[in-house]
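First comes the structure, then the notes that go with it.
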Amino acid sequence: MDIKQYTRRLKQLADALRDIGQPVRETSQVLNMLRDLSSKYRHAIPAITVRQPPHTFLSARSYLLLEEQYDKEHAKTTAQ
């Protein structure tokens, strides 16, 4: 799963829990995102967790999307 699919699924799960009266705190959503993150992006965890104020789910998602895009561009450049 790419970052967009992965985070969309996590958001759907959080929204479903909210809809049945079990909301998930923003910080918990970010930590859940990081917990099951592909090992390819483990280097991003400290950058996301150290930030004060903490990243929101959407800002952490944006950070990871940029990392994913960088990896794709780097792979293209390396292949050429």
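The values are calculated or read from the model by the stated rules, or taken from the named source; none is laboratory data. Every value quoted in this text rests on a predicted model; they were computed, and no experiment measured them. Cβ atoms come from the backbone with ideal geometry, glycine included; neighbour counts cover every protein chain shown. Please note that ligands, DNA and RNA were not included when accessible areas were found on the heavy atoms of the full protein model with its side chains. Shrake-Rupley method; radii C 1.70, N 1.55, O 1.52, S 1.80 Å.
Values as computed for the structure displayed
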{"quantity": "Loop chymotrypsin sites (Phe, Trp or Tyr not before Pro), the chain (other Cβ atoms within 10 Å of the site Cβ: 11 or fewer; DSSP)", "calculated": "none"}
{"quantity": "Within a Gaussian network of the chain (alpha carbon springs, distance under 10 Å), most fluctuating of Ser59, Ser28, Ser39", "calculated": "Ser39"}
{"quantity": "Per-residue SASA entry for Ile45, accessible area with 1.4 Å probe, Å² rounded to 10", "calculated": "40"}
{"quantity": "Computed [θ] at 222 nm, deg cm²/dmol, the chain (DSSP H ≥ 4; -39,500 (n - 2.57); rounded to nearest 500)", "calculated": "-22500 deg cm²/dmol"}
{"quantity": "Residue-normalised accessible area of the chain, given per residue in Å² at a 1.4 Å probe", "calculated": "72"}
{"quantity": "Size of the chain as Cα extents on the principal axes (Å, biggest first)", "calculated": "52, 27, 17"}
{"quantity": "For segment 2-49: rounded, prolate or oblate by the Cα gyration tensor [a/c cutoff 1.5]", "calculated": "oblate"}
{"quantity": "Relative contact order of the chain, pairs being alpha-carbon contacts under 8 Å that are 6 or more residues apart, as %", "calculated": "33"}
{"quantity": "Carbon + sulfur, % of accessible area of the chain - ligands and nucleic acids excluded, 1.4 Å", "calculated": "56"}
{"quantity": "Loop trypsin sites (Lys or Arg not before Pro), segment 1-54 (other Cβ atoms within 10 Å of the site Cβ: 15 or fewer; DSSP)", "calculated": "Arg25, Arg42, Arg51"}
